[in-house]
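> Below: one structure in C-alpha cells.
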C-alpha cells in the first residue's frame with residue numbers, strides 16, 4: 001500500500017461571521033507553534049471569509065479550501081463563484097458534490113464531475129464527496145451507491161495530486177451517529193479497490209477521507225481504520241479546541 005499523507009479538512013458550511021475568525025486565528029497560532037507533522041490541515045470556510053483568512057493561514061501550515069464552485073470561468077451566473085475566483089483568494093482546494101449540495105440543489109454525479117474538472121482547470125484540488133442516505137443503507141445499497149457515485153463523479157484525468165475522495169454517510173452527518181469501525185473499513189476498502197481498478201497506482205495513492213460526526217473523542221479510532229486517510233470534519237471544525245483535538249489523532 002502506498003504511503004499516504006493524511007488530510008484533516010474542516011467544512012464550516014454556512015457558518016462563520018467575521019467574529020468567527022478568532023477561532024481560525026487560534027488554530028493557526030497553535031499549528032504555527034506546534035505544527036502537525038502527521039497530517040495536512042485544511043479549513044473550508046464560507047466564501048465571505050476566504051480572502052480575509054488567507055493571510056492568517058499563510059505561515060501557519062494550514063491550507064485553505066472552498067465549499068463549492070461553478071463550472072465556468074466567468075459569466076452571467078448571479079450568486080456563483082468560479083474556481084478561478086477561489087484560487088485568486090489563495091485557496092488551494094474546493095469541495096464538490098457534498099451531500100447537502102446534492103440534496104438541496106439537486107446536483108447529480110455528472111455536474112459533480114464537471115465541477116471537479118473546473119477545479120483542476122484553476123489549479124485546485126477537488127475534494128469529491130460521496131455517501132449513502134439512511135434509506136439506502138437500510139436497503140443494503142451502500143456499496144452500490146458509493147460505486148456509482150465514484151464511477152460517475154470522478155472525471156478522467158484524476159490523480160492523487162488533484163483529487164481527494166471524502167466518504168460521508170449522509171445519515172451520520174451532524175447526527176452524532178457513526179458507522180461501526182468494520183462498516184467504515186469495508187466501505188473504504190471497496191473505494192480503494194475501485195480507485196485502484198480505475199486509476200492504477202494513482203488510485204492506490206489517492207486520499208480517502210471519512211466524514212460524519214467525527215470529534216476528538218472518536219478521531220483516533222476512526223483515523224486508524226485501514227484506508228482512512230484523514231477526515232472531513234463538520235461541526236467539530238468550528239471550534240479551535242475541538243478541531244485541534246481531532247488533529248491530535250495524528251500526533252502520536
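> Hey, in the GNM for the chain with a 10 angstrom Cα cutoff, which one of 51, 223, 206 fluctuates hardest?
Maximum fluctuation in the GNM of the chain, among the listed residues, is at 51.
> So what is the relative contact order for region 13-85, in percent, with contacts set as C-alpha pairs under 8 Å and at least six apart?
Over region 13-85, the number comes to 30 percent.
> Report, in deg cm²/dmol and to the nearest 500, the calculated mean residue ellipticity at 222 nm for the chain, where each DSSP H run with n ≥ 4 adds -39500 (n - 2.57) and the sum is divided by the residue count.
-12500 deg cm²/dmol
> With volume of the Cα convex hull per residue in Å³ as the read-out, I listed (1) 155; (2) 128; (3) 117; which label goes with the value calculated from this structure?
(3)
> Stretched out fully, how many nm does the piece from residue 175 to residue 32 gain, at 0.36 nm a residue minus the Cα gap?
In short, 48.3 nm is gained.
> So, in nm, how far is label residue 51 from label residue 17 when the simple model puts each one 7 Å beyond its Cα toward the Cβ?
The modelled label-to-label distance comes out at 2.1 nm.
> Oh, and also: Would you mind telling me which residue in 240, 39, 20 has the biggest mean-square fluctuation in a Gaussian network model of the chain, where springs connect alpha carbons within a distance under 10 angstrom?
Result: 20 has the largest fluctuation of those listed.
> While we're looking at this one, here's another question. Pairs of alpha-carbon atoms within less than 8 angstrom and 6+ residues apart define the contacts here; what relative contact order does the chain have, in percent?
Answer for the chain is 21 percent.
> Roughly what would the spin-label model give for residue 147 and residue 4, points 7 Å off Cα along C-beta, in nm?
1.9 nm
No lab work stands behind these numbers, since they all come straight from the coordinates. Just so we're clear, the structure is a prediction, and the values are computed from it rather than from any experiment. FYI the Cβ positions are ideal-geometry reconstructions off the backbone, even for glycines, and counts take in every protein chain you see.
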